[in-house]
């Protein structure tokens, strides 16, 4: 009998441990990304001067997807970003800003995201005030910073009410010059950028 | 035949189920290894190494620790069921809520069928149910830290359909497990029943064969000409054949199952009873002859031990017994006849000598007294008469000797054959000297036997060897001996005229002569007498010869060793052999 009770306790303990593991793993993802100590905030409506390929686009808004292939959070919303590209292609210019320690195959990334340009330039993050992935940056036709924030509150990006990136695009396309964003949208979640240190 | 559904598991089924559980446990080891490896394989997608290693390891630890801690229990199977549900949740988590990972619930459910236990579907179903219910409730109620579904809203209807379909899967898998177990048990039960039926059939066949063999044996026992019955150790009659019915005038139905001693009270005081008890005591057969009830009928009774008692065969030996008695009577008559003939031969030969002697004497007196009165013819006639009388007297003497050949009234003694041969030298001194004959007899033994017969044998054979010679030829006679295991073997060889092979047997027949009286005188009784004497001494005689090159007579005499000799000379009345030779002559 003692052995049975012991076994029962042991099994319950293991079940709790499993639960804790799941909980801990979720907790890690649910925390905001720490702000780097040398972070310089870039305010909304600031005109951003992008280097290289991203410079000299037409007057359409530009949506920058900050993507780190090594970041799980960044990989989570690949499908969501693709959906945005599919929905707003033609109305909005899209580009992938790859943030990685290594030299990834930009061509492959570009093809993966439907042929939109992919660039790797660490200065773009600083120019846009981005310190985590995944992050969405939306510039209007005059290169003013319209939105910089998360894609969704939920990690699965399935909550339409908190589909922040989509909401931002819609507002911009509706010429909403004074958009109001949920504070949760503007507080960065996800992975730190490579080389960033906690505040 | 009706196969009943087993309500209680018998030993064979329990054993079968245990084997099946052990086989399934072995199989599950491979599945769990696969589950663990799959978790590791999914980890790189979203860097879920902690979950892959942590949750998988703890799940495996839960399963194997339950198995080790309670090996006799099936708890580990239920833990396995829950663990498979957890693996499904782990994979969903690892793949960021990928719907396809839900299939692992169904895979796990299918895997559990191997145990053929429908109850095992419950833990995995509960994991799925509780997991979906709890997290969908939290998600729908606005709990911000729960990311359960990629759907926008996991409403109650979706939840119910989701759970119902999942439950259906679990139910079907449980049903298959139940069916498998049920029909597996049924199959085992049927196999056991079949084995029992086969065994029963074998017993029936064996019994049938035994009955057939018994029937055949009974047919044999019924058809034999002997009375046969079987009795158990208590004397109860268990078998009684047709001849027994006839012999004892009792029907089978009257005697079977009844006591032999009560049915035949006289048998209890007869020799049969003692033989019967001997058979039971010694477990060996007994045979005896006796007459039952009627003195003119004899029966040969054989008793054999059997498994349950004694088997008795009674054969009517009256015909054989009567034949034996008749033969004995004939022997007696023959013996009396031989006695009379012997007496007659002796008396006749003895009494004939007297008148013959008178004839010879008076003829000799006539020849002597009236010699001057007789002319030459008269003298010749008288000579012929005297010569004929003398020859007749010799024949009578030989016949007398022949008739007495069987009468060995003397005692056995140590006979030195060299001394006997010395006597022969003296006996045949005259012919030996006249013809310069030689007799050699090297290393002859001393025998324990009858002296006179041996002397007569040697006298006859040596005499023949000297007599049957070519005129002018120097006779050479050699007597040798050889000791055999049971006999002494002697040979008397000569360089005489020899004998044709066709006459080898004839020479031993009484009154048979190969030559005329003028060439070699004799009565034709010498070798016949010799043969009879040798046969009476337990030996045989034969001749080897070639015409013109001499003959060798080989004879044997039964050996009497020293110890037998001692017993013979010490036991009064022994050592005399009364041999009836006259009857042999008559025969």
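All of the numbers you see were taken from the coordinates with simple rules; none came from a lab. Computed from a predicted structure; not experimentally measured. Cβ placement follows ideal geometry from the backbone for every residue including glycine, while neighbour counts extend to all protein chains displayed.
Taking every DSSP helix (H) stretch of at least 4 residues in chain B, weighting each as -39,500 (n - 2.57) and dividing the sum by the residue count yields a mean residue ellipticity at 222 nm of -20000 deg cm²/dmol. Averaged over the residues of A:11-22, the number of partner chain Cβ atoms lying within 10 Å of the residue Cβ comes to 6. Normalising by residue count, region B:11-195 has a Cα convex hull of 113 Å³ per residue. Spatially, region B:293-360 and region B:15-46 are offset by 102 Å when compared through their Cα centroids. Considering only DSSP beta bridges with both partners in region A:52-192, what is the antiparallel share in %, to the nearest 5? DSSP beta bridges in region A:52-192 are roughly 55 percent antiparallel. Separation of region B:93-129 and region B:412-479, taken as the distance between their Cα centroids, equals 126 angstrom. Inter-label distance, residue B:511 to residue B:429: 3.7 nm, where each label sits 7 Å from its Cα along the C-beta direction.
Rg/Rh for region B:351-437: what does it come to with C-alpha atoms and Rh from Kirkwood? Before the final figure, lay out the partial values.
Values: Rg = 19.5 Å, Rh = 16.7 Å.
The Rg/Rh ratio comes out at 1.17.
How large is log10 I(q)/I(0) at q = 0.09, 0.10, 0.11 Å⁻¹ when the Debye formula is applied to the Cα atoms of the protein assembly as shown, each weighted equally and without solvent? With no solvent term, the Cα-only Debye profile gives -1.01, -1.10, -1.19. Working from label points 7 Å from Cα in the Cα-to-Cβ sense, the residue B:346 to residue B:110 distance is 12.4 nm.
For region A:52-192, what class follows from the C-alpha gyration tensor (a ≥ b ≥ c being the square roots of its eigenvalues): rounded when a/c is under 1.5, otherwise prolate if a/b is larger than b/c, else oblate? Because its axes are fairly even, with a/c under 1.5, region A:52-192 counts as rounded. A straight line joining the Cα centroids of region B:156-193 and region B:362-403 runs 141 Å.
Under 1.5 on a/c is rounded, so check that first for region B:224-316, then, if it is not, pick prolate when a/b is larger than b/c and oblate when it is not; a ≥ b ≥ c are the square roots of the alpha carbon gyration tensor eigenvalues.
On the way: a/c = 1.40, a/b = 1.10, b/c = 1.27.
Rounded is the answer for region B:224-316, as its axis ratio a/c remains below 1.5.
Quick check: convex hull of the Cα atoms in region B:436-535, volume per residue, rounded to a whole Å³? Mind dumping the intermediate values first?
Values: hull volume 12.0 nm³, N = 100.
Residue-normalised Cα hull volume stands at 120 Å³.
Name the shape class, rounded, prolate or oblate, that the alpha-carbon gyration tensor gives for region B:240-385, where a ≥ b ≥ c are the square roots of its eigenvalues, rounded holds for a/c under 1.5, and otherwise prolate holds if a/b is larger than b/c and oblate otherwise. Working shown, then result.
Details: a/c = 6.75, a/b = 5.38, b/c = 1.25.
Because a/c hits 1.5 or more and a/b exceeds b/c, region B:240-385 counts as prolate.
Computed from the C-beta positions of residue A:10 and residue B:175 and an R0 of 45 Å, the FRET efficiency is 0.90 to the nearest 0.05.
So between residue B:68 and residue B:98, what do we pick up on full extension, going 0.36 nm a residue minus the alpha carbon distance?
Details: separation 30, 0.36 × 30 = 10.80 nm, distance 3.47 nm.
So the extension gain works out to 7.3 nm.
Helical content alone sets the calculated 222 nm signal of chain A at -11000 deg cm²/dmol, taking -39,500 (n - 2.57) per DSSP H segment of four or more residues and averaging over every residue.
One chain, two ends: residue B:546 and residue B:328. Fully extended at 0.36 nm per residue, the span grows by 73.9 nm beyond their Cα-Cα distance. The length gained by stretching the chain between residue B:353 and residue B:391 to full extension, at 0.36 nm per residue less their Cα-Cα distance, is 12.5 nm. If a spin label sat at a point 7 angstrom from the Cα of residue B:198 along the line to its beta carbon, the backbone N atoms of region B:172-191 nearer than 16 Å would be those of B:187-191.
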